[in-house]
Amino acid sequence: MNEYEVIVIGAGTAGLGISALLARRGYRVALIEKEPRVGGRASTFTYRGYCVDVGLHALASCSSSGIEALLKDVGAEMDLVPIRPSLMHFDLNTRRYHRATSQEALGEDVYKAFKELVQVVTNMPQEQIDSLHDISSTQWLMGRIGRRELLGFFKKITGFAGQPLDAISAGAFLETLKDAFMSEVTISYPSKGGIKGFSEALAHSFIKRGGTLITELCCQRVKIDNNTVRGISGKKIHPGLAADVEIEAPIVVCTNPVYQLPSLVDSSFINAQTLSKIKSITQDRYWYTGIIAGVEASLFQPFGENQFFQFAVDRLGEDRHLLVTVPSYADPALAPPGRHLVFADDHGPIPLGDDAEACNRLDWVMDMTEEALPGFRNHIDWIMRVRYNDILFTPRTGATGPQYRIGSSVIGVRGLYLAGDACYLSGSGIGSAIKSAWECLREIERDNLLNKSQAGDRK
Ligand SMILES: Cc1cc2nc3c(=O)[nH]c(=O)nc-3n(C[C@H](O)[C@H](O)[C@H](O)COP(=O)(O)OP(=O)(O)OC[C@H]3O[C@@H](n4cnc5c(N)ncnc54)[C@H](O)[C@@H]3O)c2cc1C
């Protein structure tokens, strides 16, 4: 008998999610991660006494996107701080804050159109949303609500990392909106430890239920024989050591980036349809730019009561905007006493590798931040100029939705499954990763390759 029934590759949100769900159902799972720590893109590092997330991170629509259900199902213990109000705009012309969805911010007509949209989307059945992945969000919004002003508004406030709505599938857009409108809280943040608080809560639950977490192990190959999964081979990597390792199991779930699949699995095993789906999901990769800084808390004194976790900075008539996030308002322990942690991000994509444009944008971010927070440059303890990649693959028209999703059935290999945000693309990255974990669980249980009596095998 194999020691493990399932090997999960990658301990990011999706890998932790599917591992915890399977362990809770009595599967013997090995979760392998090439880095020394869990969390993948949703992780946190320490720097000069601060706890810094990999990028601005918040959990969107917890109660409707499957995040809360997952935490409950696997018994993960964590407190979330509800961020209220969640969507603020700071207008540079008037130097006033508005709730992004208020009549004051939108104007009477657009506000009415927004209210109509909330009504329409909230009542939309999932099957209807699922049928709208072949048209763009612009097409749908203009056809159904007919207000161009809403396009600019959504570019600023939704996920999709600032991508124009022309490129975004209406289905992905509507699913994200519905989750947001239906959730009790629009965004939340872990009360302790930064975004890694979320990843670590899932990891603890997994280990508590007997799961095995193996870090610093890079999977190099999924072993397949007779179109059937046999296990994986990889390298245990540690300073001064590189050891070849093999682990056997009849089921492997890949949650590492999907574009790596052809290097893990002999391409002859992957059918053409799957390869073309992977290509359409991952064809565009971008950089995003931003700064992270540790600042003196006195920088915010002039703002008095107006202390927000996150706000977009706008200037009337300008297309670009800045997103400022101060996670130490949710958890003061992320920064030393008398200090704040500040993220200021340009919400627009840059072609991967365009150094000159990245430098321009970073200068723009510095200037805009100084304008929004006068004295910023004089209150900095330290600053990082950051380029992010793979925030979220673009949920483009014709690449999302059930008919385009990469599920186990199209792989053509018995026992091989995929999960990860790219496998369930919508507007929220963590939400997509968690939805992919739930979908992967359904497929594993449906195929039931291990002949488990599903109720009886549950712990
Ligand atoms: C800067 C930034 C800001 C973001 N902000 C938000 C936000 O506010 N809200 C939100 O919902 N989403 C946000 N996202 C997106 C979100 O972080 C991701 O969608 C989500 O974390 C993806 O999880 P995943 O498990 O699919 O992938 P990953 O987190 O990428 O996990 C994949 C894991 O596989 C491991 N791995 C790769 N190759 C191998 C191998 N060969 N062997 C073993 N392990 C391997 C990696 O090390 C990694 O741990 C942000 C992303 C970034 C980068």
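What to note about this one:
- Against the list (1) away from the ligand (no atom under 14 Å from the Cβ); (2) of a type outside the set (A, V, I, L, M); (3) in contact with a Phe, Trp or Tyr (Cβ under 6 Å, 6 or more places away or on another chain), the condition Gly240 fails is (3).
- Qualifying residues in the stretch 7-59 (those that are crowded, with 24+ Cβ neighbours inside 10 Å and charged (D, E, K, R)) - the one nearest to Ile291 (Cα to Cα): Asp53
- Val365 surrounded by 14 or more Cβ atoms within 10 Å (Cβ to Cβ), under 26 Å from Glu149 (Cβ atoms), at pLDDT 95 or above and of a type outside the set (Gly, Ala, Ser): yes
- Apart from one condition, Asp421 fits all of (1) within 12 Å of the ligand (Cβ to nearest atom); (2) surrounded by fewer than 23 Cβ atoms within 10 Å (Cβ to Cβ); the exception is (2).
- Residue within the stretch 226-239 that is touching a helix residue (DSSP H, G or I) at 6+ places or on another chain (Cβ under 6 Å), in a strand (DSSP E or B), surrounded by 15 or more Cβ atoms within 10 Å (Cβ to Cβ) and aliphatic (A, V, I, L, M) present: no
- Verdict on Ile251 being away from the ligand (no atom under 14 Å from the Cβ) and surrounded by 20 or more Cβ atoms within 10 Å (Cβ to Cβ): yes
- When Ala422 is tested against (1) within 27 Å of Arg285 (Cβ to Cβ); (2) over 18 Å from the mean Cα position of the chain (by Cα), just one condition goes unmet, and that condition is (2).
- The numbered conditions (1) surrounded by 16 or more Cβ atoms within 10 Å (Cβ to Cβ); (2) more than 20 Å from Ile281 (Cα to Cα); (3) at pLDDT below 95 are all true for Glu184 except (1).
- Residue count for the stretch 187-219 under the criterion of being hydroxyl-bearing (Ser, Thr, Tyr), surrounded by fewer than 23 Cβ atoms within 10 Å (Cβ to Cβ) and assigned to a strand (DSSP E or B): the result is 1.
- Where Leu56 falls short, out of the listed (1) at pLDDT 95 or above; (2) within 15 Å of the ligand (Cβ to nearest atom); (3) not charged (D, E, K, R): (1)
- Breaking point among (1) closer than 28 Å to Arg28 by Cα; (2) assigned by TED's automatic domain parsing to the domain that holds Met366, for Ile292: (1)
- The stretch 380-418, residues that are near the ligand (Cβ under 9 Å from one of its atoms) and in a strand (DSSP E or B): Val386, Tyr388, Asn389
The values are calculated or read from the model by the stated rules, or taken from the named source; none is laboratory data. On a predicted model such as this, the values are computed, not experimentally measured, just so you know. Every residue, glycine among them, receives a Cβ derived from its backbone with ideal geometry; neighbour counts consider all protein chains shown.
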